[in-house]
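Report on the following structure.
The values are calculated or read from the model by the stated rules, or taken from the named source; none is laboratory data. In this text, all values refer to a predicted model and were calculated from it rather than measured experimentally. When we count neighbours, we look across all protein chains shown, and the Cβ atoms used for this are built from the backbone with ideal geometry, even at glycine.
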Amino acid sequence: MKFSDIKGREEIKDRLIRSVRDNRVSHAQLFLGPEGSGKLALALAYAQYINCTQRTETDSCGECPSCIKYGKLVHPDLHFIYPVAKTKEITDKPLSKLFIASWREIVLKRRAVFNLNDWYQKIGLENKQGIINAEDCNEIIRTLSYKSYESEYKVMIIWMVEKLFHSAAPKILKILEEPPDKTLFILIAEQSELILPTILSRTQLIKFTPRNNQELVEALVSHISCSNEEANKVKNVAEGNLNKAIKIVESGESDQSDFELFRTWMRLCFKKDIKVILKLSNDFHGLGRERQKRFFIYCMKVIRFGILHHYENSEQVRAEGEELIFIQNFSPFLRPSNSGLIVKAFDEAHYHIERNGSANIIFFDISLKMISWLQLK
């Protein structure tokens, strides 16, 4: 992957390119930022640029033997570690290298734009949670102890490093701090609070922010060849997350259906119409788990926007049309006495849905709570 294949992120690109030109490549770097902000794609482009034999001032050539192998993710000096767990096919001691075919397929097919749940679905984890285990930490040490095969740098990309099992982390602290010569660690993460301080202290931070609307539109049009009109329709909904934007366009769904459900739900809660709420709970149960999870994420977004509007930070509210009007009208009902309770309830609902909780019971339970919360003074 070349830098030119990635739309936007120019400031980060310039920083990475300058580090190579100035021969100041830090041996351990942490790419930290939210989902869909381009971390993995830029990590791949950076690694390819470092080892390109005919690189220019601004990009790798894409044609030398090193670039061709990087483009297929088969370069012998490029290594990956990512969260894994036992599956139906791999029933003992899961290692990242055992899933490499699936990893290459999802990275190449989706051009390095996907999230943790997409990866879990790809390898068939079902309801399990993956980790970066002690065996993979041993594999890191073993792999990097060898000399590079053909490139100047050996590159180890650890994706979603916050999934590093705490008891396994001490195994790699020394090699992370004092790696073999010409070794580059690129750690990719979304939540710094879940990363061990001993890991954080040994890396140079490169912080990613959500894409702005213009960057998101350009990236979306480039990534899936949709029209500017389609991209502009989802720019506010996706909140700078390219992965989310792609899924909305490809599915043909938008937050409009979630908005209509939320608006109907809140009006019923305000009217205390228990009979209709019970029917709505049963309808919600039939939506499917992914849609249910997405709905509660949307609910948290609306509450956040409502709070921002309530405290006169309307410029940060990414909404328009009927949705914006509803947020403006709903915001007076969000107060310090209830907003924290509401957000916590939606977050817990998402958690329980993810773990196969009964959707109608979860929905109805929150409904009863919302009836009282909306009345709080």
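If we scan the stretch 70-88, do we find a residue that is more than 22 Å from Ser222 (Cβ to Cβ), in a loop (DSSP other than H, G, I, E, B), assigned by TED's automatic domain parsing to the domain that holds Val161 and of a type in the set (Val, Ile, Thr)? The answer is yes; a qualifying residue exists. Of the helices (runs of 4 or more DSSP H) lying entirely inside the stretch 152-251, those containing at least 2 residues that are small (Gly, Ala, Ser) span 213-224, 228-238, 242-251. What pairs can you find where one residue is in the stretch 330-358 and farther than 27 Å from Gln121 by Cα, the other is small (Gly, Ala, Ser), and their Cβ atoms are less than 7 Å apart, with a gap of 6+ or different chains? Note: pairs meeting the criteria are Phe330/Gly306; Ser331/Gly306; Leu334/Gly306. Just one of the numbered conditions (1) out of contact with any Gly (no Cβ under 8 Å at 6 or more places or on another chain); (2) charged (D, E, K, R); (3) surrounded by 23 or more Cβ atoms within 10 Å (Cβ to Cβ) is not true of Lys93: (3). Residues that are out of contact with any helix residue (DSSP H, G or I) (no Cβ under 8 Å at 6 or more places or on another chain) and either modelled with pLDDT of 90 or more or within 21 Å of Leu268 (Cβ to Cβ) (or both) within the stretch 337-350 comprise Lys344, Glu348, listed in sequence order. For Ala231, the criteria (1) in the same structural domain as Thr143 (by TED's automatic domain parsing); (2) at pLDDT below 90 hold in every case but one, which is (1). Identify all residues within the stretch 283-313 that are surrounded by fewer than 16 Cβ atoms within 10 Å (Cβ to Cβ) and free of Cβ contacts under 8 Å to residues at least 12 places away in the same chain; write none if there are none. Across the stretch 283-313, the qualifying residues are Asp283, Gly286, Gly288, Glu290, Tyr311, Glu312, Asn313.
The residues of the stretch 222-234 that are surrounded by fewer than 20 Cβ atoms within 10 Å (Cβ to Cβ) and touching a residue at least 24 places away in the same chain (Cβ under 8 Å), listed by number, are Ser222, Ile224. Out of all the residues in the stretch 335-377, which are in a helix (DSSP H, G or I), over 25 Å from the mean Cα position of the chain (by Cα) and among the small types (Gly, Ala, Ser)? Residues satisfying the conditions are Ser339, Ser367, Ser372.
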